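Notes follow the structure.
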């Protein structure tokens, strides 16, 4: 089964229409999609406007492949469950989002073995045509590692503030209390 997700905030008709057309050409009857507030009425894939968190997770668990927008929730869930994911980032120029942060997310996530990034709907269809299930991939933990927790604890105890671009080092720290000075304050 292939599970398609567009998140819950905005419709992503370009993605749903592309997968629906692909499913028709391939005579696939095992494609399920969470389509949000989509304006496109899919004809060849099973659609659900919204899924409960438990149903969503169940769909991802059952899927051999996830296809989605480049939302971190979708990508992290695929990582947690060891599922390959193909992402098609939303584009602001096409009215799919208010900015192009998903393009940046997709570029960053492309370094991971389980993530394939489709630059457009033609690349998406090609990736779907070429996909071959290889079994479960290595999943990540659903919680922070002890090493990460220890590092965060150490950081907090030392009272360091991460460097901010343009900020003078050592001018304010959380131990001083109050609020951090605004970037324009001196």
Cα-based Kirkwood hydrodynamic radius, the stretch 2-130, one decimal, Å: 14.3
Shape category assigned to the stretch 12-57 from the gyration tensor of Cα positions, a/c cut at 1.5: oblate
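Laboratory data are not the source of any read-out in this text; all were calculated from the coordinates shown. Given the structure is predicted, the values throughout are model-derived calculations rather than measurements.
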